[in-house]
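These notes are about the structure you will find just below.
The values are calculated or read from the model by the stated rules, or taken from the named source; none is laboratory data. Being a predicted model, the structure only gives us computed values, none of them experimental. Counting neighbours? That spans all protein chains shown, and the Cβs are built from the backbone with ideal geometry, glycine included. These area figures cover heavy atoms from the full protein model, side chains too; ligands, DNA and RNA do not enter into them. Shrake-Rupley method; radii C 1.70, N 1.55, O 1.52, S 1.80 Å.
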Amino acid sequence: MKVKVISRNPDKYIRESKNDIHKSFRNYDKELHPFQSTREYIRALNATKLERVFAKPFVGNLDGHKDGLAVLSKSHLQLSLIASGSYDGEVKIWYISNNTCLTSLPAHVGCCRGITFSADGKRVITIGDDKKIMTWACDQEEADTPKPVNMIITKNILASLSHSYEGPYFATSGESCHIWEESRNEPLKELKWGVDMLQDVKYNPVESSLLAACGSDRGIILYDQRESKPLRKIVMTLRSNQLSWNPMQAFHFTVANEDFNLYTYDTRYLTHPCKIHHGHVGSVTSVDYSPTGREFVSGSYDKTIRIFDAGKANSREVYHTKRMQHVTCVNWSMDNRYIFSGSDEMNVRIWKANAAEKLGPLHKREKNAFNYNAALKEKYAAHPSIRRIAQHRQVPKPIYNEQIKQRASKQREKRKEQNRRENSKTGSVPYIAETKKKVVSTEQ
């Protein structure tokens with residue numbers, strides 16, 4: 001007679017230590033778990049609520065400037081290195097890891113208009129209202145009188161500065177766009193298109209010879225430093241303050257406009273913007289893309305910072321504090337985890353890109369729990385209750401009231417256009433998409 005004995009491997013159910021959790025066995029048969037979707041929905045709802053509870057985006061601030069922040073720049077090679085310039089001409093280089101100032105440079109007389117790191121990350125180039133282009137070494141120690149490596153005196157006032165991602169070239173904007181080389185004191189090339197002032201100029205991170213600039217005549221101009229003339233120009237209804245290229249898609253860029261919106265353009269189809277991003281209630285002053293190219297951050301005169309998905313119209317996050325005033329400059333860190341902002345009240349603030357992210361090392365169980373909750377929230381994101389909790393943000397009362405006014409104004413314009421169409425001859429008042437109303441003309 002054969003006797004069958006049930007045997008189990010002790011490694012499958014015995015804990016290695018008393019601190020470990022008990023191992024459980026589960027049958028994944030759907031017939032045995034008829035309420036699985038109900039339990040998952042409850043878990044997704046709780047995970048969404050806990051995310052809002054633990055959403056604390058503010059990390060810290062860097063103080064030391066004696067005037068409001070005008071410009072901010074990050075190093076593309078060293079994650080912890082940023083530079084800031086203020087309205088009194090002072091430039092500071094910060095080491096973010098321990099929130100210390102490496103060096104303070106009395107760079108310019110008057111406002112500092114632009115800062116950029118060189119391609120190798122060893123030098124900082126600054127411009128100011130005193131018509132000077134100064135080059136500073138990043139590794140110089142704190143001294144009584146730090147001296148620049150090089151100084152160039154220009155004929156006209158400069159408004160913006162951008163360094164090429166490849167090679168020793170950099171561009172300045174003012175009455176015209178000039179292309180410079182670090183080893184020369186005269187510009188290599190001057191690119192003009194009849195504009196009084198170019199507010200901002202940016203190099204493309206992928207196509208390193210391509211530039212774009214925002215002009216005071218409401219225009220956006222595309223340049224190629226290999227050509228002798230500008231390439232194309234589009235004119236919008238209102239002026240754009242700043243521009244940022246998508247680092248993953250060389251043909252996409254986003255501009256921050258005076259009409260409280262941001263516009264994403266495709267350089268292949270400049271007749272209208274690809275997407276209009278709205279949410280701010282004041283002029284948008286600055287914009288910067290994340291290194292992944294999927295999101296970007298914007299700062300505005302309404303004293304808030306907003307994070308947008310590159311393909312969506314509405315912002316996913318709104319950051320604000322009681323002390324923060326008009327935001328003048330924003331930057332997204334190269335590790336995609338932090339956001340830096342400068343404003344009128346002399347502080348550089350550090351924010352988390354993901355407001356509910358836990359800083360510091362995570363245990364394996366914590367990682368698994370976060371990944372499981374993220375998958376549940378994505379699965380049930382369209383449910384009304386979860387969507388309402390995930391999208392709700394508390395904003396200051398003046399911004400809330402202004403949003404109501406702007407919403408009423410847009411509805412009034414739509415109702416007025418609809419009444420005009422209903423009381424006019426058929427076809428005399430055509431439907432025009434919102435994106436096609438923003439571009440006045442295109443030139444080549």
Among the numbered criteria (1) touching a strand residue (DSSP E or B) at 6+ places or on another chain (Cβ under 6 Å); (2) within 21 Å of Cys329 (Cα to Cα); (3) surrounded by 18 or more Cβ atoms within 10 Å (Cβ to Cβ), which single criterion is violated by Ile96? (1)
For region 1-37: of the residues being surrounded by fewer than 10 Cβ atoms within 10 Å (Cβ to Cβ) and of a type in the set (A, V, I, L, M, F, W, C), which is farthest from the chain's Cα centre (by Cα)? Met1
Would you kindly identify the strands (runs of 3 or more DSSP E) lying entirely within region 114-153 that contain at least 3 residues that are surrounded by 14 or more Cβ atoms within 10 Å (Cβ to Cβ), modelled with pLDDT of 85 or more and touching a His at 6+ places or on another chain (Cβ under 8 Å)? 123-128
Please verify whether Ser208 is part of a loop (DSSP other than H, G, I, E, B) and either among the hydrophobic types (A, V, I, L, M, F, W, C) or open to solvent by 40 Å² or more (accessible area, probe 1.4 Å) (or both), treating the condition exactly as stated. no
Taking region 294-337 only, how many residues are assigned to a loop (DSSP other than H, G, I, E, B), open to solvent by less than 10 Å² (accessible area, probe 1.4 Å) and either closer than 18 Å to Tyr265 by Cα or polar (S, T, N, Q) (or both)? 2
Quick check on my filter: what residues within region 103-113 are open to solvent by 40 Å² or more (accessible area, probe 1.4 Å), modelled with pLDDT under 90 and assigned to a strand (DSSP E or B)? Pro106
Does any residue in region 393-422 that is at pLDDT 90 or above and in a helix (DSSP H, G or I) come within less than 7 Å, Cβ to Cβ, of a residue that is surrounded by 11 or more Cβ atoms within 10 Å (Cβ to Cβ) and acidic (Asp, Glu) six or more places away or on a different chain, and which pairs are these? Ile399/Asp302
Which condition number does Ile220 fail, the rest of (1) in contact (Cβ under 8 Å) with a residue 24 or more places away in the chain; (2) open to solvent by 30 Å² or more (accessible area, probe 1.4 Å); (3) out of contact with any Pro (no Cβ under 8 Å at 6 or more places or on another chain) being met? (2)
Quick one: is Thr267 touching a helix residue (DSSP H, G or I) at 6+ places or on another chain (Cβ under 9 Å), surrounded by fewer than 23 Cβ atoms within 10 Å (Cβ to Cβ) and more than 30 Å from Leu81 (Cα to Cα)? no
